[in-house]
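> I'd like to ask you about the structure that follows.
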There are 2 protein chains.
Amino acid sequence: MLRYLNTRGPASRAAIAAETGLNKTTVSSLISELQARGLVVETGLRQAGAVGRPGRVISLDGATVGALGLEINVDYIATHGLDLTGRTLIDRRIGFDAMGSDVDRSLERLVAVVREALADLAAARLRVMGITVAVPGLVNVETGTVLYAPNLGWRDVPVAQRLAAGSAPIPVRVDNDANLAALAEYTAGVAAGTPDLVYLTGEVGVGGGVISGGRLLRGGDGFAGEVGHLPVDPNGDLCGCGRTGCWETKVGLAALLRMAAPDHAYGRPDSGPVRVPEERLTEIERRQAAGDPRVEQALREIARWLGIGGAILANLLNPRVIVLGGYFARFRGHLIAEAQAQLDRLVVAGADARCQFVASELDFRAAAHGAAHVAVEQVLADPTMVAMLPAKSQPTWRRR
Amino acid sequence: MLRYLNTRGPASRAAIAAETGLNKTTVSSLISELQARGLVVETGLRQAGAVGRPGRVISLDGATVGALGLEINVDYIATHGLDLTGRTLIDRRIGFDAMGSDVDRSLERLVAVVREALADLAAARLRVMGITVAVPGLVNVETGTVLYAPNLGWRDVPVAQRLAAGSAPIPVRVDNDANLAALAEYTAGVAAGTPDLVYLTGEVGVGGGVISGGRLLRGGDGFAGEVGHLPVDPNGDLCGCGRTGCWETKVGLAALLRMAAPDHAYGRPDSGPVRVPEERLTEIERRQAAGDPRVEQALREIARWLGIGGAILANLLNPRVIVLGGYFARFRGHLIAEAQAQLDRLVVAGADARCQFVASELDFRAAAHGAAHVAVEQVLADPTMVAMLPAKSQPTWRRR
């Protein structure tokens, strides 16, 4: 019912019954339930073209209920607050050196960010129904435990449990950043609605989120899409995971900095205060503008390896679109043409397989956006998770 | 209704109505329809535990309706005839040098095999409702055209159209061999019911069929699972596809022969009469038994590369099982332990991702078996494709 109203817009009880095929008693009963939870309102709005006394119509009252999405990554924490109608209430990112912090400090900071966001959303009179946290690593979605996040240095961290202390009774879910970003792209991004797409996080780690046949590809344990550690070069560099020649050593943000601006590379003790990735990218763009040949050369090399790895994804998953996120999107003008040429050369199906690289428009916000979206979807799928309002505050009839 | 009877077994009309939630008039009407098509029969069979006059029960009469699956590969054509109850009526394979034949000769031979099989099934009083052909290459499933099958040397071959001439009015479908084999494994193989599995054809070409979340992964154009041309070694050999270092140059059957028994390798002009792969494998086993060190060395090398490529599949798709088909299954004892060790070493999720190599028990018959199964599934899904019987031959009541 909720999803129906969300898609269709306001409707009378009679119209709802006729269109859903439910009988009128069922419709009335469901609407009472949703009213009691503050999820729909009854208004006297006249429907377009209708004559006579204004009929009563039922509308989604999603502005009072919402969800919070977060992402913790190597050098930032992102927050996205969303109400049921899809309106964004919070969209911010702070620099945070998760790579250089121990797990406890990172989780403390994450809890503080959650508390602040919840306070802001409460001030905006939004009831938050769910929190989803995106993490660049392998996640046990059932338990909310991060099993392994190499670029954060995390192993077996019970994130949901640790956050629950600071957010109870709101349920906390944890999921892979690339999976959540892929869902954000599939629902609201540049390739929205494309049933076969891959999203690549362009960060220090390179993760993949795969939508196949319109569904998120999870695999047996929820670990599908681990593209960053594809072995692409037996003679390559040592990776953070302990192996050699992984794809992310060729195309990750750390590789770009190492090649284009070694004095700003990750992991240097003298690299100064924590910066969100954009500040490093601005520095690279400044050098590129000043004619530093290392930048062009680095981008060419990265584009080539993007195409080589992209062809592996195209052969195995046959997506129509590979959405480039993070820093890849920022440098789209220097990466996409060369990467596409490599991919076209290497894909077995050749021109029959029409797989295109496109740049995300969600920048580094895709995962947090997807995280909030997942939590909102859960309310639409199961409105009983929203508590009944106290009787006195239940709206009965309101003229808009 | 048909699928229900297939799963549940014989049942009375009343039981069917109660268990399916359909009303009795609908049940009776559906059963009349299915009787008229010769798909169910009404018998006086007494149900276990019932007392009094034997009730009439409805049973699937699948023994008169069936489907034909075929596979054409580099050196053989396989045929599998199946009735609706799952009984195998034909299961045979002939040696045929498709690699060395031109497209027309291959298709003529395929048509001859189809005609022979249809004659045999007609003699067994089976009405064949569908034909599915498995091909080791990229297939446009909508049109039944093979776009590219490198190891057969085929490009843009309209297989369904060419076969229709010899099999009309039976509909012909064409699909990728590994996809069909994966479906066979998922429904009736060693890992049946595992919702996340990958099947690898161990032939000259190495194809992959991916079941993810219980569904065949097709991708945007139906080309997903093209594992044979994963670039695994930039310094490797030239592949049949024109690229360098593809996975199948490391683990395909041609690689085994080249390393273990070069005088029996594929493509030698003096290699004698056409042989199904087993004959070549028997020769290799003979040499292994005689202590030829090249065989052990070749199998060790293949096992190592199986693990390296398998880890790519595990990282991207996170299957619980990788089913080894074709020649891999025959040499399971020499391949699985080493391949598993490599995979375990390379998978990012490590022990959290429990992905096991297992050997298929369907040998080189998996794709033809899956092809027949797909055609049977179509009848179960849409019995209206089965024509009404002439009125005089419609069974009404039959005592078994």
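> Whole-Hz Karplus ³J(HN,Hα) for the range A:4-19, in order, using 6.51 cos²θ - 1.76 cosθ + 1.60 and θ = phi - 60°, x for Gly and Pro?
Using θ = phi - 60°, the values come out as 4, 5, 5, 7, 7, x, x, 7, 6, 4, 5, 5, 4, 4, 4, 7 Hz.
> A follow-up question, please. Quick check on the range B:99-218: what does the Kirkwood estimate of hydrodynamic radius come out to from the alpha carbon pairs, in Å?
Across the range B:99-218, the inverse of the average 1/r is 15.4 Å.
> Which whole number in µm²/s is D for the range B:291-400 by Stokes-Einstein, with the Kirkwood Rh taken over Cα pairs at 37 °C and 0.692 mPa s?
The Stokes-Einstein estimate is 189 µm²/s.
> Mind listing the phi-derived Karplus ³J(HN,Hα) values for the range A:328-341, rounded to whole Hz, using 6.51, -1.76 and 1.60 with θ = phi - 60°, and x for any glycine or proline?
3J(HN,Hα) across the range A:328-341, in whole Hz: 4, 5, 4, 9, 3, x, 9, 10, 5, 4, 5, 4, 5, 4.
> Okay, moving on. State the percentage of accessible surface on chain B attributable to carbon and sulfur atoms; use a 1.4 Å probe and exclude ligands, DNA and RNA.
Taking all protein chains in place, chain B shows 51 percent carbon and sulfur surface.
> Please list, ordered by chain and number, the residues whose modelled amide H lies under 5 Å from the amide H of B:GLY220; skip anything fewer than 5 residues away on the same chain.
Placed amide hydrogens put A:ARG320 under 5 Å from B:GLY220.
> Using a simple charge model, +1 on the beta-carbon of Lys and Arg, -1 on the beta-carbon of Asp and Glu, nothing else, what dipole does the range B:205-272 show about its Cα centre, in debye to the nearest 20?
Result for the range B:205-272 is approximately 200 debye, rounded to the nearest 20.
> Grab the other residues whose beta carbon is less than 15 angstrom from that of A:VAL174, score K and R as +1, D and E as -1, and report the net.
The answer is -3.
> Return, for the Cα atoms of the protein assembly as shown, the radius of gyration and Dmax in Å, separated by a comma.
30.1, 98
> Still on this model: Return the average number of partner chain Cβ atoms within 10 angstrom of each residue Cβ along peptide A:240-249.
Per-residue shielding by partner chains comes out at 1.
> When ligands, DNA and RNA are left out and all protein chains stay put, how many square angstrom of accessible area per residue does the range A:191-361 have with a 1.4 Å probe?
Each residue of the range A:191-361 exposes 35 Å² on average to a 1.4 Å probe.
> Okay, next question. Ordered shortest first, which distances in nm separate the 7 Å Cα→C-beta label point of A:ASP102 from those of the other copies?
Nearest first, the other copies' label points are 7.6 nm away.
> On to the next question. Give me log10 I(q)/I(0) at q = 0.12 Å⁻¹ for chain B, Debye formula, one equal scatterer per alpha-carbon, no solvent.
Relative scattering, expressed as log10 I(q)/I(0), comes to -0.94.
> Please compute the average number of Cβ atoms from other chains found within 10 Å of each residue's Cβ in peptide A:140-152.
Per-residue shielding by partner chains comes out at 1.
> I need the inter-copy label distances for A:ARG294: point set 7 Å along Cα to C-beta, values in nm with one decimal, smallest first.
5.1
> Let me ask you something else. Please list the non-local residues whose amide H lies under 5 Å from the amide H of A:PHE96, H modeled 1.01 Å from N, same-chain partners needing a gap of 5 or more.
HN-HN under 5 Å from A:PHE96: A:TYR76, A:ILE77.
> Looking at chain A as a GNM with Cα springs under 10 Å, which of A:GLY220, A:GLY100, A:GLY252 has the largest mean-square fluctuation?
Its mean-square fluctuation being the largest, the pick is A:GLY220.
> Go ahead and run the numbers for FRET between A:GLN297 and B:ASN23, Cβ-Cβ distance against an R0 of 60 Å, rounding to 0.05.
0.20
> Over the range A:134-219, what relative contact order in percent results from Cα pairs under 8 Å that are six or more residues apart?
It rounds to 23 percent for the range A:134-219.
> Which order do A:LYS250, A:LYS24 take by accessible area at a 1.4 Å probe, largest first?
Heavy-atom accessible area, descending, gives A:LYS24, A:LYS250.
> Here is a follow-up. Sequence gap at least 6, Cα distance under 8 Å: using those rules, report the relative contact order of chain B to the nearest whole percent.
19
> Also, I was wondering about something else. Please check: in the Gaussian network model of chain B (C-alpha springs, under 10 Å), which one of B:VAL57, B:VAL190, B:VAL114 has the largest mean-square fluctuation.
In this elastic network of chain B, the residue with the biggest mean-square fluctuation among B:VAL57, B:VAL190, B:VAL114 is B:VAL57.
> In nm, one decimal, shortest first: how far is the label point of B:ASP237 (7 Å from Cα along Cα to beta carbon) from the matching points in the other copies?
Distances to the matching label points in the other copies: 3.4 nm.
> I need the phi-derived Karplus couplings for the range B:237-254: 6.51 cos²θ - 1.76 cosθ + 1.60, θ = phi - 60°, integer Hz, Gly and Pro marked x.
7, 6, 9, x, 7, x, 9, 10, x, 5, 4, 6, 6, 9, 10, x, 4, 5
> So how exposed is B:HIS334, as accessible area in Å² (1.4 Å probe, rounded to 10)?
80
> For peptide B:350-363, what's the mean number of Cβ atoms from other chains within 10 Å of each residue's Cβ?
Mean partner shielding for this stretch: 2.
> On to the next question. Net charge within 13 Å of A:VAL206 by Cβ-Cβ distance, Lys/Arg positive one each and Asp/Glu negative one each, not counting A:VAL206 itself?
The answer is -3.
> Let me know the volume per residue of the alpha-carbon convex hull for the range B:190-361, in Å³.
Normalising the Cα hull of the range B:190-361 by residue number yields 129 Å³.
> Right, next: Report, by chain and number, residues whose modeled amide H sits under 5 Å from the one on B:ALA359, excluding near sequence neighbours (fewer than 5 apart, same chain).
B:LEU324
> Taking the full set of protein chains and a 1.4 angstrom probe, give the accessible area of A:LEU152 in square angstrom, rounded to the nearest 10.
For A:LEU152, the solvent-accessible surface is approximately 10 Å².
> Give me the percent of DSSP beta bridges within the range A:191-361 that run antiparallel, rounded to the nearest 5.
Approximately 50 percent, going by the DSSP bridge assignments.
> So in the protein assembly as shown, what percent of DSSP beta bridges are antiparallel if you round to the nearest 5?
Percentage antiparallel, nearest 5: 65.
> Give me the three principal axis extents of the range A:1-127 from the C-alpha atoms, as integers in angstrom, largest value leading.
66, 24, 21
> Using a 10 angstrom cutoff on alpha carbons, build the Gaussian network for chain B and name the most mobile of B:ALA368, B:ALA123, B:ALA298.
B:ALA123
> For the range A:206-225, which residues drop by 10 square angstrom or more in accessible area between the chain on its own and all protein chains together (1.4 Å probe)?
Hits at the 10 Å² cut-off: A:SER212, A:GLY213, A:ARG215, A:LEU217, A:GLY219, A:GLY220, A:ASP221, A:PHE223, A:ALA224, A:GLY225.
> Nearest to the axis that maps chain A onto chain B: list the chain A residue whose Cβ wins, with the distance in whole angstrom.
That would be A:LEU316, 3.
The values are calculated or read from the model by the stated rules, or taken from the named source; none is laboratory data. Here the structure is a predicted model, which means the values were calculated and not measured. Counting neighbours? That spans all protein chains shown, and the Cβs are built from the backbone with ideal geometry, glycine included. We work out accessible area using only protein heavy atoms, side chains counted, and drop any ligands, DNA or RNA first. Shrake-Rupley method; radii C 1.70, N 1.55, O 1.52, S 1.80 Å.
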